[in-house]
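Here the structure comes first, spelled out in structure tokens, and everything after it is commentary.
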Amino acid sequence: MNNRLSLCVGAVLALAASSCAQTEQRMAPKAAAAGATRVALADPMMVARSWDSALQGQWRDPKNVARDVYRHPLETLAFFGVQPDHTVIEITPGNGWYSEILAPYLEPQGRYIAAVVDPAAVEEGRAREYQQRGKTALEEKFAALPAQYGKAVVVGYNPKAPVFGAAG
């Protein structure tokens, strides 16, 4: 089930990213007429090097790197406007494909939070064990590479009443 959900979410994100440039071209005249301004990056080359570094990091699982060609991470994250000083909450990060990119990218200035289903919020049995294995694997991944994941946080949430942090 999770693989199908991840595939669906990935497909939606890829489709959204592929139309980003076309949407921006259509919206630019309207935004300019309305007096809207775009937030300029202080050093666009620094940001590009950071994305490059995150995407090509030796810490990334080779199986995850192989999926980049299908998932288009740079285009997708650019579509969402992720900046190095943002806080990003990834809900149900699975085995950490995006975590391997986002957490190191955000490490110097921003914040990465992996929101996983709290195993204690799930009934005893296979579902709880599955959630616990996933949470533990992600925590171990982060602990093993503090240079990339030092500020990354794993938080649990109740899927029946999800709360991802205090307001603001």
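The values are calculated or read from the model by the stated rules, or taken from the named source; none is laboratory data. Worth saying up front: this structure is predicted, and the values here are computed from it rather than measured. Heads up, the Cβs are rebuilt from the backbone with ideal geometry, glycines too, and the neighbour counts pull from every protein chain shown. Areas reflect the complete protein model, heavy atoms only, side chains present, ligands, DNA and RNA absent. Shrake-Rupley method; radii C 1.70, N 1.55, O 1.52, S 1.80 Å.
Worth a mention:
- Filter result (in contact with a strand residue (DSSP E or B) (Cβ under 8 Å, 6 or more places away or on another chain) and closer than 19 Å to N64 by Cα) within segment 126-148: G134, K135, L138, E139, F142
- A residue that is open to solvent by less than 60 Å² (accessible area, probe 1.4 Å), on the phi < 0 side of the Ramachandran plot and hydrophobic (A, V, I, L, M, F, W, C) cannot be found anywhere in segment 66-76.
- Which numbered condition K160 fails, given (1) farther than 28 Å from A66 by Cβ; (2) of a type in the set (K, R); (3) without any contact (Cβ under 8 Å) to a residue 12 or more places away in the chain: (3)
- Selection over segment 144-158 of residues that are farther than 11 Å from A103 by Cβ and surrounded by 12 or more Cβ atoms within 10 Å (Cβ to Cβ) gives a count of 4.
- Summed over segment 84-125, the residues that are assigned to a loop (DSSP other than H, G, I, E, B) and surrounded by fewer than 17 Cβ atoms within 10 Å (Cβ to Cβ) give a count of 9.
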